[in-house]
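Peer 1: Here it is: the structure, laid out below.
The values are calculated or read from the model by the stated rules, or taken from the named source; none is laboratory data. Because the structure is predicted, anything quoted here is derived from the model rather than measured. Here Cβ is always computed from backbone atoms with ideal geometry, including for glycine, and neighbour counts include all displayed protein chains.
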Amino acid sequence: MMFFVPLLFFIMILSSADAQSRSSKKKTRKKTKKEATTRESAQVPVENGSMPFPINQSPELPDSVVAYAKTLMGTPYVYASVDPKVGFDCSGFITHVFNHFNLIVPRSSVDFTNYGLEIPKEETRPGDLILFTGTDSTIRVVGHMGIIVENNKGEIQFIHSSSGHANGIVITTLNGYYAGRFVKTIRVFKM
């Protein structure tokens, strides 16, 4: 394992240099100062390069994310939307909340499948993400997600945009219905 990390780092440097030399030959739009600063301050890759962690993250950031998410309670469910004035689908809600803090995350729930650090659901904390199948739990592909708001001795509550009976942003306990659709929990913050 000790040999693997330096080797992986060396490969990443080589591929980055190759990508930079190819991209320098292409004519691209110059980023505005705000775009460059936001991206650079929002994330830094972890060892495997699969996910960003916020740079200089304050310990309060996950709680701030949860607190902001709660301010959106009652916003209606609207498929494929990230607009709080219109409504959200589940991943649009996650995208909006994280982007509010200049944190870049995938837009689609299925894109979270290999994102973040998988953790046992018993060890979740506020701000972690919980992933579920779509409404057909026999198809074990991520199709729904939420943000953990509380884990009280294994009783997990999460906030999400529900297309079901609740139809909008609600806090739900991980019950039998969602337990049957549970895929995994992931951490996207340094803890």
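Peer 1: Across segment 108-127, what is the total count of residues that are closer than 9 Å to VAL183 by Cβ and either of a type in the set (Phe, Trp, Tyr) or at pLDDT below 95 (or both)?
Peer 2: First, the residues of segment 108-127 that are closer than 9 Å to VAL183 by Cβ: 113.
Applying the additional criterion that residues be either of a type in the set (Phe, Trp, Tyr) or at pLDDT below 95 (or both) yields none.
The total comes to 0.
Peer 1: Looking only at segment 37-75, how many residues end up being surrounded by 14 or more Cβ atoms within 10 Å (Cβ to Cβ), modelled with pLDDT under 55 and more than 15 Å from LYS190 (Cα to Cα)?
Peer 2: 1
Peer 1: Can you tell me which condition ILE148 does not meet? The list is (1) out of contact with any helix residue (DSSP H, G or I) (no Cβ under 7 Å at 6 or more places or on another chain); (2) hydrophobic (A, V, I, L, M, F, W, C); (3) surrounded by fewer than 21 Cβ atoms within 10 Å (Cβ to Cβ), and all the others hold.
Peer 2: It is condition (3) that ILE148 fails.
Peer 1: Being touching a residue at least 60 places away in the same chain (Cβ under 8 Å) and within 20 Å of GLY180 (Cα to Cα) narrows it down to one residue among ILE104, ILE159, ILE139, ILE130; which is it?
Peer 2: ILE159
Peer 1: Which residue pairs have Cβ atoms closer than 9 Å, lie 6 or more positions apart in sequence or on different chains, and pair a first residue in segment 65-81 that is at positive phi with a second residue that is of a type in the set (A, V, I, L, M, F, W, C)?
Peer 2: Listed pairs, sorted by first residue: GLY74/ILE169; GLY74/VAL170.
Peer 1: Let me ask another. Consider VAL183 carefully, then state whether it is over 23 Å from GLN57 (Cα atoms), hydrophobic (A, V, I, L, M, F, W, C) and under 17 Å from the mean Cα position of the chain (by Cα).
Peer 2: yes
Peer 1: Mind counting the residues in segment 128-143 that are surrounded by 20 or more Cβ atoms within 10 Å (Cβ to Cβ) and either touching an Asp or Glu at 6+ places or on another chain (Cβ under 9 Å) or of a type in the set (Lys, Arg) (or both)? Full working, then the answer.
Peer 2: The first filter runs over segment 128-143 and keeps only residues surrounded by 20 or more Cβ atoms within 10 Å (Cβ to Cβ), leaving 128-132, 142-143.
Cutting the leftovers down to either touching an Asp or Glu at 6+ places or on another chain (Cβ under 9 Å) or of a type in the set (Lys, Arg) (or both) gives us 142-143.
The number of residues fulfilling the criteria is 2.
Peer 1: From the set of residues in segment 76-104 that are under 23 Å from LYS184 (Cα atoms) and at pLDDT below 95, which is surrounded by the fewest Cβ atoms within 10 Å (Cβ to Cβ)?
Peer 2: Out of the qualifying residues, it is ILE104.
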